Amino acid sequence: MSYPYQISSMEAYQQAYKKSVDDPEGFWGSIAENFQFRKKWDKVLEWRFAGDGAPVVKWFQGAKLNITENCLDRHLDTLGDKPAIIWEPNDPEEHYRMLTYRQLHQKVCTFANVLKNNGVKKGDVVCLYMGMVPELAIAVLACARIGAIHSVVFGGFSAQSIADRIQDGKAKLVITCDGAFRGNKTVQLKAVVDDALVQCPTVERVIVLTRTRTPVSMIKGRDVWWEDEIKKVETMGNPPCPAEEMDAEDPLYILYTSGSTGKPKGVVHTTAGYMIYCTYTFVNVFNYQPGEIYFCTADLGWVTGHSYVVYGPLAAGATSMMFEGIPTYPDAGRFWEIVDKHKVNILYTAPTAIRSLMAHGLGFVKDKDLSSLRVLGSVGEPINEEAWQWYFDNIGKKRCPIVDTWWQTETAGVMISVIATVTKPIPSYATLPLPGVQPAIMDEHGNEIKETEAKGNLCMKFPWPGMLRTTWGDHERCFKTYFSAYPGKYFSGDGCLRDKDGNYRITGRVDDVLNVSGHRIGTAEVENAINMHADVVESAVVGYPHDIKGQGIYAFVITEGDRHDNEDLTRKDILETVARIIGPIARPDKIQFVKGLPKTRSGKIMRRILRKIAEGEMNNVGDVTTLLNPDIVEDIKRGKV
Ligand code: PRX
């Protein structure tokens, strides 16, 4: 397979970019020609704002397709015996698994028949809460095969978070594992699902895959084993599972993500535009060459796993590595050992992982053969210069371009990034917009800054095929969150600057969203969870710079009564409460008990002041005279933890 749309020179990039702006429909229409449709589209793009200002965006209207035919069936003749997925287990002693395109196709069809046997129909929502095993990718694709909408929930979320997501999507069926291996721990996934389901009457069936062989409860009439269900289909002679014909704009999946409010929202991606955008960006950003081994370390619980472990690479006929474990188990050489063992050509990971491995020293790198590497990628948070340099020098041996890819759950795919071997990497810059991406930097008055050198809030002024279509069950929320701050434009929530050559540097979120180890967490969500603790009266959560995690979570908490006889225990109780309500990933790094919070006369918490204190900038908290309670600031400064 070759890619007629692969950009191979700076000139080609400039041409593609120009065409994408001058004639977006012609540009994306010609890229779409490289995919398999049952019926072609009538119109490439419909883009308008309804009477109330809500956006309407439709790509490739009228087209009929199934994304799994593009990811699997169409490769069978040419790539049938080539590896689609190579899976490395948590424990290096366990043998890795390899699934060819033919095997993956077979397994997806079999499991799709399992879903059908269990009553799943086109348009139903299926919730997946699994570890990083190949069956997770199989289950995702099986949903897509029959037109069910998948909603994957990351394994680090609590029962309450799963229940919220199941209820919001009205999922009928849940797929989980008995447990998951993560480093030296076993995570009890099924037990968490059981707790969640107490609140979820819509769920009729739970399919449980055996992975850790931990004892689990199995409820008659509701819970069935994955393996038994597969056997049933096999005894039926393993009938084929024709792909459901989907409309270009039929929903493919829901993925919940955090924003400034306490309630995560279900970002909805649809079929044709999503597929084309992930694949186009995958092939170009990484300069993927047929036959190469590509390793993205992301979990399928996040958008990176959806777009760049499963859909993008498979639609491009690539070999995608999947990894069950963590970068530091059994030691901090695990990534490098995988690269050495499988001769990985392209590695895509997060700055947090790089910083954590960097802290373990070069001893874990030096005996590994990393000469197969050709391109390195970074995603999820700003990469600091030191980490960038370490990655470039010690992993890429100064040979491999680093693609620092800026994008979001809402964008489906990379928006601003280096194009490997084509455009020039600059440490800590995402650099240039990809073709089809039209950024606008907005000033504080809401106007676009036209000068090349600029600093402000990052928006998009034209749609791209991967753009979110709505937030599940609440289009109004989609409109308010993304399209109301700057009418007619998509607002990313990020701040950025643009240098004199047009390179973009992302400076971080300008809303109340934190990025902790690349995980997106809303401060309001964490506050709500802390406030659930029986003794808590009020709390305020801010981010602070953290050497490894990028950002840490700092909570200022007012409690009722006298907790001081055992402050430490109260702290632990609060952490446990947050873990129960959201999940372990949202546990604050620091909790400071305070008597009050700095508030304006109208009762608003002055987070700016708290942020400065959390950052340790005690003398730089700014004007406090307008506060209702200025004295509290000194008090909080004294108590900083
Ligand atoms: O703040 C930006 C940051 O991560 C946010 C999106 O998070 P999420 O939806 O979870 O998607 C992560 C995977 C794409 C953005 O608003 N972010 C992501 N990539 C970068 C980044 N910040 C700086 N540089 C990046 N390369």
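The values are calculated or read from the model by the stated rules, or taken from the named source; none is laboratory data. In this text the structure is predicted, and so the values were computed from the model without any measurement. Ideal geometry is used to build each Cβ from the backbone, glycine not excepted, and the neighbour counts take in all protein chains shown. These area figures cover heavy atoms from the full protein model, side chains too; ligands, DNA and RNA do not enter into them. Shrake-Rupley method; radii C 1.70, N 1.55, O 1.52, S 1.80 Å.
Can you tell me which residue is nearest to Thr411 (Cα to Cα) among those in segment 422-443 that are among the hydrophobic types (A, V, I, L, M, F, W, C) and more than 23 Å from the chain's Cα centre (by Cα)?
Going through the qualifying residues, I end up with Ala440.
Report, ordered by the first and then the second residue, all pairs with beta carbons closer than 7 Å, sequence separation of six or more or different chains, a first member in segment 359-385 that is of a type in the set (S, T, N, Q), and a second member that is open to solvent by 50 Å² or more (accessible area, probe 1.4 Å) and not in a loop (DSSP other than H, G, I, E, B).
From residues that are of a type in the set (S, T, N, Q), there are no pairs.
Could you run through segment 490-514 and say how many residues are open to solvent by 40 Å² or more (accessible area, probe 1.4 Å) and not hydrophobic (A, V, I, L, M, F, W, C)?
Adding up the residues that qualify gives 7.
Condition (residue is more than 20 Å from Phe282 (Cβ to Cβ), open to solvent by 30 Å² or more (accessible area, probe 1.4 Å) and within 11 Å of the ligand (Cβ to nearest atom)) applied to segment 440-449: is it met by at least one residue?
No: segment 440-449 contains no residue that is more than 20 Å from Phe282 (Cβ to Cβ), open to solvent by 30 Å² or more (accessible area, probe 1.4 Å) and within 11 Å of the ligand (Cβ to nearest atom).
List, please: which pairs have Cβ atoms under 7 Å, are six or more places apart or on different chains, and start with a residue in segment 426-451 that is over 26 Å from Asn384 (Cα atoms) and end with one that is in a loop (DSSP other than H, G, I, E, B) and of a type in the set (A, V, I, L, M, F, W, C)?
Within 7 Å, the pairs are Gly436/Trp464.
Look at Ala318 and say whether it is out of contact with any Cys (no Cβ under 7 Å at 6 or more places or on another chain), of a type in the set (A, V, I, L, M, F, W, C) and either assigned by TED's automatic domain parsing to the domain that holds Thr176 or closer than 22 Å to Ile419 by Cβ (or both).
yes
Does segment 249-272 include one or more residues that are at pLDDT 95 or above, in a helix (DSSP H, G or I) and within 30 Å of Asp164 (Cβ to Cβ)?
Yes, segment 249-272 contains a residue that is at pLDDT 95 or above, in a helix (DSSP H, G or I) and within 30 Å of Asp164 (Cβ to Cβ).
Only one of Val536, Val578 is open to solvent by less than 20 Å² (accessible area, probe 1.4 Å), out of contact with any Lys or Arg (no Cβ under 9 Å at 6 or more places or on another chain) and more than 22 Å from Ala350 (Cα to Cα). Can you tell me which?
Val536
Between Lys185, Lys172, Lys121, which is open to solvent by 10 Å² or more (accessible area, probe 1.4 Å), among the basic types (Lys, Arg) and within 20 Å of Thr270 (Cβ to Cβ)?
Lys121
Mind listing just one residue for me: the one in segment 188-218 that is acidic (Asp, Glu) and assigned to a helix (DSSP H, G or I) and, of those, surrounded by the fewest Cβ atoms within 10 Å (Cβ to Cβ)?
So, considering only residues that are acidic (Asp, Glu) and assigned to a helix (DSSP H, G or I), the one surrounded by the fewest Cβ atoms within 10 Å (Cβ to Cβ) is Asp195.
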